[in-house]
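Notes to accompany the following structure.
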Amino acid sequence: MPEHFVVTIDPVLVSLGPLAIRWYGLAYFVGFIIGLKIFETVMRREAKLPNGVEPGDFLTWAVLGVIVGGRLGEVVFYRADHYLAHPLEILMVWKGGMASHGGMIGLALAAVLWARRNGVSPARLFDAIVLAAPPGLFLGRMANFINQEMVGKVADVPWAVIFPVHDWMPRHPVQIYQALTEGPLLFALVWLFPARRFPAGARAAFAMIVYGLLRTWTEVYRETDPGYLGDVGGLTNGQLLSLLLAAAGAVLLAWRLRAKRASA
């Protein structure tokens, strides 16, 4: 059997007495900082902000939406039995265990509330968010790789890796597949979307479709997780949620285009 890379990276980057800085937490922190810079740039360029409203004011809302939504998504969609037996672990987000779809739902709700409170166009806000999110998605997936979670299926490809915490079988590094597709590839496709030719909100809808389809594809290589949504056509939880997201994006895009034609 050919030699494969064995993941032995310590999830704890550095320990300072009782304080431990983990790669997982660092990934979220850096992702939010990079995302904030992109978000501020896009919002100032494309959105008409009321006096006294700064794009950076949305950061706290975004952080809470992603963390709360991501954690609750993990509980509801994937590991309800575990967290019902160990409820205090729900609060231990620094150890990993965040559902990206849950984080998106939480972020979307936070965005709607912030937009209404500050008189900002929700469509413009979402158009900026979808450009700001890919760096965080990329770093989050790389943290999943380090934590040896969300492992891929057993594979005989030369680039297969071994996750000792899971077992010693060579597997697809699906976390890296998803890091590359949900990070730089998604960003490039959304960046190239000709937003000026379309109404506000169209870029966000396009991003939902692209992310949903890319995630559905990469989930083929992920170890099956039964989750709690049931078996629908042999789809994994991630695939079902991603297809629903893509469908919602298609409906949103059609609605925005119809609204533009009606107002023309």
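The values are calculated or read from the model by the stated rules, or taken from the named source; none is laboratory data. Note that this is a predicted model, so its numbers are computed, not measured. Cβ placement follows ideal geometry from the backbone for every residue including glycine, while neighbour counts extend to all protein chains displayed.
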- Query: Of the residues Leu64, Leu88, Leu59, Leu72, which is in contact (Cβ under 8 Å) with a residue 40 or more places away in the chain and either within 30 Å of Thr41 (Cβ to Cβ) or out of contact with any Phe, Trp or Tyr (no Cβ under 9 Å at 6 or more places or on another chain) (or both)?
  - Reply: Leu64
- Query: For Pro50, which of the numbered conditions (1) surrounded by fewer than 19 Cβ atoms within 10 Å (Cβ to Cβ); (2) in contact with a helix residue (DSSP H, G or I) (Cβ under 8 Å, 6 or more places away or on another chain); (3) at pLDDT below 85 fails to hold?
  - Reply: (3)
- Query: Here is a list of conditions, (1) touching a residue at least 12 places away in the same chain (Cβ under 8 Å); (2) more than 18 Å from the chain's Cα centre (by Cα); (3) in a helix (DSSP H, G or I); (4) farther than 19 Å from Ala108 by Cβ, and Lys48 meets all of them except one; can you say which number that is?
  - Reply: (3)
- Query: On the given criteria, is Tyr83 part of a helix (DSSP H, G or I) and within 16 Å of the chain's Cα centre (by Cα)?
  - Reply: no
- Item | Top-ranked residue of the stretch 10-45 - restricted to ones that are touching a residue at least 40 places away in the same chain (Cβ under 8 Å) and of a type in the set (Ser, Thr, Tyr), ranked as farthest from Asn147 (Cα to Cα) | Tyr28
- Any chance you could count how many residues in the stretch 95-151 are under 14 Å from the mean Cα position of the chain (by Cα) and not aromatic (Phe, Trp, Tyr)? 29
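Helices (runs of 4 or more DSSP H) wholly in the stretch 149-264 with at least 1 residues that are among the hydroxyl-bearing types (Ser, Thr, Tyr) and either under 20 Å from Leu131 (Cα atoms) or in contact (Cβ under 8 Å) with a residue 40 or more places away in the chain (or both) - which ones?
Details: elements: 174-180, 186-192, 202-218, 237-263.
By residue number, 174-180, 202-218, 237-263.
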- Task: Test Ile21 against the criterion of being part of a helix (DSSP H, G or I), within 22 Å of the chain's Cα centre (by Cα) and among the aliphatic types (A, V, I, L, M), and give yes or no.
- Result: no
- Message: Looking for something modelled with pLDDT of 90 or more and over 14 Å from the mean Cα position of the chain (by Cα) - is there at least one such residue anywhere in the stretch 225-244?
- Response: yes
- Does Gly70 meet the test of being in contact with a Pro (Cβ under 8 Å, 6 or more places away or on another chain), closer than 20 Å to Phe138 by Cβ and buried (at least 20 other Cβ atoms within 10 Å of the Cβ)? no
- Task: Collect the residues in the stretch 86-133 that are modelled with pLDDT of 85 or more and part of a loop (DSSP other than H, G, I, E, B), keeping them in residue-number order.
- Result: Gly119, Val120, Ser121
- Task: Hey, can you tell me all the residues within the stretch 111-140 that are among the charged types (D, E, K, R) and surrounded by 24 or more Cβ atoms within 10 Å (Cβ to Cβ)?
- Result: Asp127
- Task: Please verify whether the stretch 192-215 includes one or more residues that are surrounded by fewer than 21 Cβ atoms within 10 Å (Cβ to Cβ) and of a type in the set (Ser, Thr, Tyr).
- Result: no
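Condition test on Gly31, is it within 26 Å of Phe198 (Cα to Cα), touching a helix residue (DSSP H, G or I) at 6+ places or on another chain (Cβ under 6 Å) and not charged (D, E, K, R)? Break it down into steps so the answer makes sense when it comes.
Numbers: within 26 Å of Phe198 (Cα to Cα): no; touching a helix residue (DSSP H, G or I) at 6+ places or on another chain (Cβ under 6 Å): yes; not charged (D, E, K, R): yes.
In short, no.
Go through Val157, Val161 for me and flag whichever is crowded, with 20+ Cβ neighbours inside 10 Å and more than 27 Å from Gly35 (Cβ to Cβ).
Numbers: Val157 fails: crowded, with 20+ Cβ neighbours inside 10 Å.
It is Val161.
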